[in-house]
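Working notes, structure below.
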Amino acid sequence: MPHQLDTWLYQGGRPNRVARLLNGLWSRLAAAGRSPEQLYSLEVRGRRSGRRLAFPVVVADHEAERYLVAMLGRRANWVANVRAAGGRAVLRHGGREDVLLEEVDPAARGPILRRYLQLAPGARPHIPVDPEAPPAAFEAVAADYPVFLIRPAADAMTPTLQAVLDAFNAHDVDAILAFFTEDCTFDTPRGDRLVGKQEVRKGFQARFDGIPDIHCGDDRHWSCGDRGVSEWTIRGTQVSGEPIEVRGCDLFEFTDGKVSRKDSFWKIID
């Protein structure tokens, strides 16, 4: 009977009205720390509404790491929202934990799915494998059930800073702007403020036009939450033929996993 109820609550792979009410209740209990140890409230921004959405999830532990599993498979709404948010989310269980969710390759999901089913009996009607089945049974369905590794979000944006610099060194304006929000701002070393992607695009293109061989090296990057810093040395030759060497840094602000502000500072080296 319990498994029949679970199936009824999620007919067609979507929660019905009763399931949504129960999910809301369990999510509030989990957020308050009044739920079983493995049950958390997952908060992620809706890709359409822009609102913070909360949903109860079971955190599965495996080999000293923690994971989330989408028991409803690839069409689960929270999976689409997590992907759209660049993996940035919040877990709550009596406290707030900012996290970065990294999707696990299907080839590595099998043992995690097994552990998840051991911890979440309510998920068993939705994942057609017995918890005690051999590894091959889990490997056969792994591609259908997204799994996410839970990482601390303290330095989650550091790889993005490196990727922005790599795109800059490739003089690829489109690749740079792929990491920026639509309403981004860019404060230039001269004190001008560029607002919106189109103006920021012009700013980057002007830099490449003015120093055709511009390159950033000696770089280091840090991030913490929604702030980040890149430190670098720019070298190149201006269109006038005069060489330039600049030591500087960029201060970044992030919104939903993308750069919303870039503030640049230059120190010209004689």
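Just so it is clear, none of the values below were taken in a lab; they were calculated from the coordinates. Owing to the predicted nature of the structure, the values given are computational and were not obtained by experimental measurement. Glycine also receives a Cβ, built like all others from the backbone with ideal geometry; neighbour counts cover every protein chain displayed.
Of the DSSP H helices in the chain, none is both long (alpha-carbon extent of 20 Å or more along the helix axis) and hydrophobic (Kyte-Doolittle mean at least 1.6). Sorting 239-248, 90-99, 144-153 by average packing, meaning the other beta carbons within 10 Å per residue, from highest down gives 144-153, 90-99, 239-248.
As a length-normalised measure over Cα pairs under 8 Å and 6 or more apart, the relative contact order of region 9-70 settles at 23 percent. In region 158-268, Cα pairs under 8 Å separated by at least six residues give a relative contact order of 25 percent.
Summarising the label geometry, the points placed 7 Å from Cα in the beta-carbon direction at residue 22 and residue 198 lie 5.1 nm from one another.
Placing unit charges on the Cβ atoms only, positive for Lys and Arg and negative for Asp and Glu, gives the chain a dipole magnitude near 1460 debye about its Cα centre.
Restricting region 119-201 to GluC sites (Glu not before Pro) that sit in a DSSP loop and have at most 10 other Cβ atoms within 10 Å of their own Cβ leaves 132.
In this simple spin-label approximation, residue 206 and residue 247 carry label points 7 Å from Cα along the Cα→Cβ vector, and these lie 2.7 nm apart. Classification of region 195-263 by its C-alpha gyration tensor yields an oblate form. The axis ratio a/c (a ≥ b ≥ c) is 1.5 or more, and b/c is at least a/b. Going from the residue with the fewest nearby Cβ atoms within 10 Å to the one with the most, 202, 258 rank 202, 258.
Across the chain, the relative contact order, built from alpha-carbon pairs under 8 Å that are at least six residues apart, equals 14 percent. Look at the dipole of the chain built from charges on Cβ: of 152, 55, 246, the Cα furthest out on the positive end belongs to 55.
Between the labelled values (1) 35, 25, 16; (2) 45, 19, 16; (3) 31, 20, 18, the entry that holds semi-axes √(5λ) of the Cα gyration tensor in Å as derived from this structure is (2). For the pair residue 170 and residue 237, the difference between a 0.36 nm per residue extended length and the Cα-Cα distance amounts to 22.5 nm. Among the GluC sites (Glu not before Pro) in region 31-78, those located in a DSSP loop and surrounded by at most 11 other Cβ atoms within 10 Å of their own Cβ are 37, 63.
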